[in-house]
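Asks: My questions all concern the structure below.
The values are calculated or read from the model by the stated rules, or taken from the named source; none is laboratory data. For clarity, every value in this text was computed on a predicted model and none was experimentally measured. Cβ coordinates were reconstructed from backbone atoms using ideal geometry, including for glycine residues, and neighbour counts include every protein chain displayed. Ligands, DNA and RNA are excluded from the accessible area calculation, which covers all protein heavy atoms including side chains. Shrake-Rupley method; radii C 1.70, N 1.55, O 1.52, S 1.80 Å.
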Amino acid sequence: MSEFKYSHLFEPIVLGNQLFRNRIFNSPTGVEIDPERYSCAYYERKAIGGSASVCIGDACPNEFGRVRPSRANLGTHHESHTLANRPHRISRHGAAASMEFLDAGNCATYSASLGAPLYGPVDGISPEGIPIHMMTEEQIYASIEQHAKSALYAKRLGYGMVTVHGGHGWLITQFLDPTNNRNDQWGGSIENRARLAIAICDRIHEVCGRGFPVEIRIVGDEVYPGGYHIEEGIKQAQLLDGHADLIHVSTGSHEVKEVFTITHPSMFLADGANVKYAAEIKKYVKNTPIATVGALSEPDQLEEIIASGQADVVELARGLICDPDLPIKLQRGKEDEVRKCMRCLFCFSEHMHSAIIPCAINPEMGHEYEMHDAPICNVKKKVLIAGGGMAGMQAAITAADNNHEVILCEKKSELGGALLCEENVPFKEKLGQYIALQKRFISRRNNIEVHLNTEVTPELIKEVSPDAVICALGARPVKPNIPGIDRDNVFSAEEIYYDPDKAGENIVILGGGLVGLELSIMLSGLGKECTVVEMMPNLNDGGNNLHGVALSCELKKCGVKVSPATKAVAINEDGVLCEYTGAKPAPESKFGMDNFYPDGTEGNVTFAADTVIYAVGQKPLREEANALRGIVPEFHQVGDCVVAKNIYEATHNAHYIAKDLGRM
């Protein structure tokens, strides 16, 4: 294997008596327990793609520690029918199935909503005002037994490993944390605080056998003021050394808003942002392998982490949602075909709303069950696609994969559409890579013919005489109708994305949606002073509330000023004349208010600016699309020229429309 590029990554590892085929583990993600066929397909897809381990997320070992209603309750074992199929569906493809145990402790809001008391290491009051009761020793021993009993249950179902969640603010973390000041053997010193975690690992081994592997997730560094840091994480890992079979090092906490997007790194962080914590802990742990997690999808980086000894295992969640075939692509030398997670957090946000886990750039995700046995259409068609943006490229790829002859026309000199202007934004490197990947996929399909600098007209359609036309013309920026909008110092967001040098030093951005907010962050990184003016009382995260959390943190870090409930009245030589509407932001807004103004001010104000940028939305090119309708019998309109939304909507709409071609 010495000549293989990823030889370290694909060296098997043995934990307990279980052999894992490589070092790429699918870290725990929770999907709804019903319907079973969808959740099974979700996990099975990761095994098909080559992961060594696939972990079922968020099973609770008792009825008191549940944080979500949809996760398996092992306290009753009522979910046997939904849990039993998963290990078989995973292991038949060569991966080991693991089940994660998560007791939320004093954060068990769902159990509390059903009337259960909240328990934790010490007495207290939850943020919701619910009393927290200090666990008695009897309850602590009961928790240990519940974990062991659940592990035996998992083993009997066919799971090859269990993962004990000892991180992110849940019960075991609450005991490990220095704030645990109990005066008995379960609190105070680090040895006492780690006793619960050690006892759970040891008891699982006693009940299931020493050869049955136990992975434990810990927090190496809580990365927020008032939280503990890496020195504490090292001590925890040293005490767990020899008791667990794999120590999985994460960071942060689910319960602390400002670090949520560090625990689950946003696009504003570097690739592998949290690897350093695992690497530091590995220096001090002698016997137990170390796993790292967070913002991992770059193939060469994955190999380097293992080869350099920073960790023994790399764990991917979103990386394998974005491309479950990542392992097998690397094994077959197709690393340039890996879809790399953009860390837009769309999958996580959408899961909170709809229970599925989709991906913004992979239309298969969230629909694994439907896609598993989906037939390829047998009626071959000639398909003309108008527009080479996100929707047009995906339509071309899907249509080609379904055996159609595809002619893709783009009126500009390059494929990529409107998002080309953002491909060189520093924190959007993965967007640029995705656009390049789609171009590569198109170039490698012999049944796609690309014509650049070619506008699709009724005459062209008649000349080509296709069986079907897919119109993916996109949208164009809306130019607000306010006095002064045509001044020389006023630009669209698209213009500034393409050429940031056009912007001066003091900038006002009209529009508090994703385009304007992300542009303000980019320009702030170039040393510009930015103010975002938004007419609505809330900023618009586009429905991606977790990316909204990341944006909020980044706006504060960059010092961007934000003025919601503010209407631009005119642009003049001094800047932007605005009036406050007096509307109040909704309390559930994901954006913090620290950098917001005005403070209840009414009337008019001028925001000084040498440059004004508008980012107030996109207008679908519906009239242009309609002009191409009716020339051939089969006509489809996809992407932003229907409704201007986001990459997910564009790629998924285009994929399924193209997949429907040739049914009749």
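Asks: Just one of (1) in a loop (DSSP other than H, G, I, E, B); (2) open to solvent by 50 Å² or more (accessible area, probe 1.4 Å); (3) not acidic (D, E) trips up V122, so point out which.
Replies: Every listed condition holds for V122 apart from (2).
Asks: Of everything in the stretch 533-556, what is under 26 Å from the mean Cα position of the chain (by Cα) and not in a helix (DSSP H, G or I)? Give them in sequence order. Lay out the reasoning, then the answer.
Replies: Our first condition is that a residue be under 26 Å from the mean Cα position of the chain (by Cα); within the stretch 533-556, this holds for 538-556.
Hits for the stretch 533-556 are N538, L539, N540, D541, G542, G543, N544.
Asks: Exactly one condition in (1) outside any helix (DSSP H, G or I); (2) of a type in the set (V, I, T); (3) open to solvent by 10 Å² or more (accessible area, probe 1.4 Å) is not met by V314; state its number.
Replies: It is condition (3) that V314 fails.
Asks: Would you pick out the residues in the stretch 130-186 that are open to solvent by 60 Å² or more (accessible area, probe 1.4 Å) and within 18 Å of T251 (Cβ to Cβ)?
Replies: Within the stretch 130-186, P178, T179 qualify.
Asks: Shifting gears a bit: If I ask for residues that are over 14 Å from I647 (Cβ atoms) and either in contact with a His (Cβ under 8 Å, 6 or more places away or on another chain) or among the aliphatic types (A, V, I, L, M) (or both), which ones from the stretch 396-424 would you list?
Replies: If the condition is that a residue be over 14 Å from I647 (Cβ atoms) and either in contact with a His (Cβ under 8 Å, 6 or more places away or on another chain) or among the aliphatic types (A, V, I, L, M) (or both), then A396, I397, T398, A399, A400, V406, I407, L408, C409, E410, L415 are the ones that fit.
Asks: Please identify the pairs in which a residue from the stretch 42-70 that is farther than 20 Å from V313 by Cβ and open to solvent by 10 Å² or more (accessible area, probe 1.4 Å) has its Cβ atom under 8 Å from the Cβ atom of a residue that is aromatic (F, W, Y) and in a strand (DSSP E or B), counting only partners at least 6 apart or on another chain.
Replies: Between residues of the stretch 42-70 that are farther than 20 Å from V313 by Cβ and open to solvent by 10 Å² or more (accessible area, probe 1.4 Å) and residues that are aromatic (F, W, Y) and in a strand (DSSP E or B), the close pairs are F64/Y119.
Asks: Select from the stretch 205-258 the residues that are small (G, A, S) and in a loop (DSSP other than H, G, I, E, B) and write down the one among them that is most open to solvent (accessible area, probe 1.4 Å).
Replies: Checked the stretch 205-258; the qualifying residue most open to solvent (accessible area, probe 1.4 Å) is G226.
Asks: Tell me which strands (runs of 3 or more DSSP E) are completely within the stretch 1-72 and hold 2 or more residues being within 13 Å of M99 (Cα to Cα) and modelled with pLDDT of 95 or more, or say none if there are none.
Replies: Working: elements: 13-15, 18-20, 24-29, 53-59.
Of the strands (runs of 3 or more DSSP E) lying wholly inside the stretch 1-72, those with at least 2 residues that are within 13 Å of M99 (Cα to Cα) and modelled with pLDDT of 95 or more span 24-29, 53-59.
Asks: Let me ask you something else. What number of residues in the stretch 31-41 are open to solvent by 10 Å² or more (accessible area, probe 1.4 Å), under 21 Å from the mean Cα position of the chain (by Cα) and closer than 23 Å to A104 by Cβ?
Replies: Result for the stretch 31-41: 3.
Asks: Looking at the stretch 571-578, is at least one residue more than 23 Å from P265 (Cβ to Cβ), of a type in the set (V, I, T) and in contact (Cβ under 8 Å) with a residue 24 or more places away in the chain?
Replies: yes
Asks: Same structure, new question: Between residues in the stretch 601-623 that are assigned to a strand (DSSP E or B) and residues that are open to solvent by 60 Å² or more (accessible area, probe 1.4 Å) and aliphatic (A, V, I, L, M), which pairs lie under 8 Å by C-beta distance while being six or more apart or on different chains?
Replies: Partner pairs satisfying both residue conditions: P620/V643.
Asks: Tell me, please, whether a residue that is under 30 Å from P358 (Cβ atoms), open to solvent by less than 10 Å² (accessible area, probe 1.4 Å), modelled with pLDDT under 95 and among the aliphatic types (A, V, I, L, M) can be found in the stretch 557-569. Spell out the reasoning first.
Replies: Within the stretch 557-569, the subset under 30 Å from P358 (Cβ atoms) is 557-558, 560, 562, 564.
Filter once more, so that each one left must be open to solvent by less than 10 Å² (accessible area, probe 1.4 Å): 560, 562.
Filter once more, keeping what is modelled with pLDDT under 95: 562.
Checking which are among the aliphatic types (A, V, I, L, M) leaves us with 562.
Scanning the stretch 557-569, I find at least one residue that is under 30 Å from P358 (Cβ atoms), open to solvent by less than 10 Å² (accessible area, probe 1.4 Å), modelled with pLDDT under 95 and among the aliphatic types (A, V, I, L, M), so the answer is yes.
Asks: Considering only residues that are open to solvent by 10 Å² or more (accessible area, probe 1.4 Å), modelled with pLDDT of 80 or more and either out of contact with any strand residue (DSSP E or B) (no Cβ under 7 Å at 6 or more places or on another chain) or part of a loop (DSSP other than H, G, I, E, B) (or both), which ones fall in the stretch 73-97?
Replies: A84, N85, H88, R89, R92, H93, G94
Here's the yes/no breakdown for (1) open to solvent by 40 Å² or more (accessible area, probe 1.4 Å); (2) within 30 Å of V285 (Cβ to Cβ); (3) in a helix (DSSP H, G or I):
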position	(1), (2), (3)
Q301	yes, yes, yes
L330	no, yes, yes
C344	no, no, no
S349	no, no, yes
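Asks: Looking at the stretch 504-515 only, could you name the residues that are in contact with a strand residue (DSSP E or B) (Cβ under 7 Å, 6 or more places away or on another chain) and buried (at least 24 other Cβ atoms within 10 Å of the Cβ)?
Replies: Result: I507, V508, I509, L510, G511, G512.
Asks: Can you pull out every residue in the stretch 279-299 that is polar (S, T, N, Q) and in a loop (DSSP other than H, G, I, E, B)?
Replies: N287, T288, S297
Asks: Let me ask something else. What are the residues in the stretch 494-503 that are closer than 9 Å to T611 by Cα and open to solvent by 20 Å² or more (accessible area, probe 1.4 Å), if any?
Replies: Scanning the stretch 494-503 gives a single hit, K502.
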